[in-house]
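> Below is the structure I would like to discuss, written out as structure tokens.
The values are calculated or read from the model by the stated rules, or taken from the named source; none is laboratory data. It should be emphasised that the depicted structure is a prediction, and the values quoted were computed from it without experimental measurement. Neighbour counts are summed over all protein chains in view; Cβ atoms, including those assigned to glycine, are modelled from backbone coordinates with ideal geometry. Areas reflect the complete protein model, heavy atoms only, side chains present, ligands, DNA and RNA absent. Shrake-Rupley method; radii C 1.70, N 1.55, O 1.52, S 1.80 Å.
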Amino acid sequence: MLIQSELDDGFLARHAELARGYGGGGDPDDPALVQAMQMVLHIPKQDPPPRSALLAAAATAAVALCMDPRVGPGGEWEQRYLTWKRSRIRKVARRARGAQWLAANEVDGITVDIDGAQARALVPGPVGAIDERIRKLQIGGTELAPDDPGPVDPELPVLWVDSELGMTVGKAAAQVGHASMLLAGALPVEQVFRWAGHGYRCSVREAGPRWAELSRLVREGSATAVRDAGFTEVAPGSMTVIAVPPGVSD
């Protein structure tokens, strides 16, 4: 059993912020002040990464940023993070390669590498003030085909994507990023602390025919679902990803 003293006040505060939920502030009148987390996906032209690994890297980067000490009380990213989190949660995924990817890593954020797939979650901010190194990156673009990543790690959460929706890599990256955040807020802090010991790694899989059973877990309260606002690609209210904690059978 985890001893409470192992959890410092900063970790507890960052988890408590996630557990409070998201949004509530609405959008500002000025569209340039709409808040978003930019996510950069490293998709080289030659030898692009497997889709599942890239999505796992995106999901891990998003939750790792939300639990980073720099977004917590007194941290250098705190105000930017809270302004975003307490308005409408938006993520925008962009692709980068070569020099673009190197430049993206100079912008405040966290990069995660999973099985050679890399994604970077950037500190959120207003869409009208996006760093020029990020603004010029393409939002659409290279698509990655579904792959067969094999069995999941039983010690990691699994983020199940509704493959029937046909989401692009960019859209799916934003959705799994939402899912990892929602899961961290829903889990007890002790379990999130153990997850931190794994670097917040996630497994991402296409749900296929098991979606109905996964939906049952959501109704029972043992899994967490993302319901999309419907700004792009899917209808408003669509359930896009279901996050299942370690040890929960599907």
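> Round to a whole angstrom and tell me the spacing of the C-alpha centers of the stretch 203-229 and the stretch 121-180.
Measuring centre to centre over Cα atoms gives 17 Å.
> Another question, if that's okay. Note the direction-averaged projected area, equal to a quarter of the hull surface, for the Cα convex hull of the stretch 23-127, in nm².
7.0 nm²
> Of all accessible surface on the chain at a 1.4 Å probe, what whole percent is carbon and sulfur?
That share works out to 52 percent.
> Tabulate in residue order the Karplus-calculated ³J(HN,Hα) for the stretch 212-224, using 6.51 cos²θ - 1.76 cosθ + 1.60 with θ = phi - 60°, rounded to whole Hz; enter x for Gly and Pro.
So the J values, rounded to whole Hz, are 4, 5, 5, 5, 5, 4, 5, 4, 7, x, 9, 9, 10.
> Short version: ³J(HN,Hα) in whole Hz for each residue of the stretch 27-35, in order, from phi by Karplus 6.51 cos²θ - 1.76 cosθ + 1.60 (θ = phi - 60°), x for Gly and Pro, what are they?
Residue by residue, the stretch 27-35 yields 8, x, 5, 8, x, 5, 9, 4, 8 Hz.
> Over the stretch 21-77, what lengths in whole Å, largest first, do the semi-axes of the equivalent ellipsoid take, defined as the square roots of 5 times the eigenvalues of the alpha-carbon gyration tensor?
So the three semi-axes of the stretch 21-77 are 28, 17, 11 Å.
> Which three extents, in angstrom, do the Cα atoms of the chain have along their principal axes, listed largest first?
Here the Cα extents, ordered largest to smallest, are 45, 42, 34 Å.
> Here is a follow-up. Given the C-alpha atoms of the stretch 71-128, compute the convex hull and give its volume per residue in Å³.
In the stretch 71-128, the Cα convex hull volume per residue is 106 Å³.
> Also: Let me know the Kirkwood hydrodynamic radius for the stretch 55-184, please, with Cα pairs as the basis and the value in Å to one decimal.
After inverting the mean inverse Cα-Cα distance, the result is 15.6 Å.
> Specify which residue in the list Tyr22, Gly247, Ile114 is farthest towards the positive end of the charge dipole of the chain, using unit charges on the beta carbon of Lys, Arg (+1) and Asp, Glu (-1), about the Cα centre.
My answer, from the dipole projection, is Tyr22.
> Return one whole number: the accessible area per residue of the chain in Å², for a 1.4 Å probe.
Averaged over the residues of the chain, the accessible area is 46 Å².
> Can you list the GluC sites (Glu not before Pro) in the stretch 95-182 that are in a DSSP coil and have 16 or fewer other beta carbons within 10 angstrom?
Answer in residue order: Glu106, Glu143, Glu155.
> So which lysines pass the test for Lys85, namely a Cα distance under 28 Å, with those fewer than 8 places away in the same chain ruled out?
Lys136, Lys171
> Could you work out the longest stretch of the chain that avoids the trypsin sites (Lys or Arg not before Pro) located in DSSP loops with at most 12 other Cβ atoms within 10 Å?
Excluding the exposed sites themselves, the longest stretch runs over 137-250.
> Given bins 5 angstrom wide, list per bin the percent of all Cα-Cα distances in the stretch 126-250, short to long.
Cα pair-distance distribution for the stretch 126-250, in percent: 2, 10, 19, 21, 19, 14, 9, 4, 1.
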